[in-house]
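Okay, structure first, notes after.
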Amino acid sequence: MMSSKRKFVVNVLIGVVLSVGLSVTGVQAQSGSLEPPGSAVDGAGDPVATTQTQPSWDQSLPAAERFVLVMGGAAVLDKNTGLVWEQSPLTTTHTWTGARFECTGRTVGGQKGWRLPSVHELASLVDPTNPGGNPDLPAGHPFSNVQSSLYWSASTSVDDPTLAWRVSFISGSVSASFKSLNLFVWCVRGGQNHGDAY
């Protein structure tokens, strides 16, 4: 048999557990995550990932929901992938090596940490339902100065290391080119795939 003192302690512990559980449930109901309400943006007002905004490559959001201007409008968060792209990529062309150096040295929105995207990341911006998009991006996208042309990826051809994969924003095609050619560059931040060979 349990003493009255023990019953009291057990009842207090049950009350605390229930109270904490209800508080967490209330926060989840308000924000869609375990984060406190309002934590979907950081101190600068830029979006941060929560379970509500967590990127998932199986999503297919319309452009109006998919893309969010961040870093004072200098960059764009893609909620489909979680990647952050330059809002206005360079309008000059570079060799593949030059493209990698260009992204590594970039400062966009007051931030360093940019890189050349993998072929898969770059191709994720192509809208195959908008082949005459000029450039071939989702209708209503927030980017500027994207050329209807070829852009370097960081991915090297596994069959021939003198080639790297590129993405066409004319046709949406993906193919390899000699690294010595001058193509356009679009830098990205975030993600985990930093090039690889395919």
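The numbers here are math on the coordinates, done by the rules we state, and not lab data. Model, not experiment: these values are computed from the prediction.
Structure data summary
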item: Nonlocal amide H pairs with Ala154, under 5 Å, H built at 1.01 Å; result: Ser118, Val119
item: 10 °C / 1.306 mPa s Stokes-Einstein diffusion coefficient of the stretch 63-189, Kirkwood radius on C-alpha pairs, µm²/s; result: 110 µm²/s
item: Amide H partners (placed H, <5 Å) of Ala75, local residues excluded; result: Val70, Gln87
item: Per-residue ³J(HN,Hα) for the stretch 138-147, Karplus 6.51 cos²θ - 1.76 cosθ + 1.60, θ = phi - 60°, Hz, x for Gly and Pro; result: x, 4, x, 5, x, 7, 10, 6, 7, 8
item: Phi to ³J(HN,Hα) by Karplus 6.51 cos²θ - 1.76 cosθ + 1.60 over the stretch 85-91, Hz, x for Gly, Pro; result: 10, 4, 5, 10, x, 4, 9
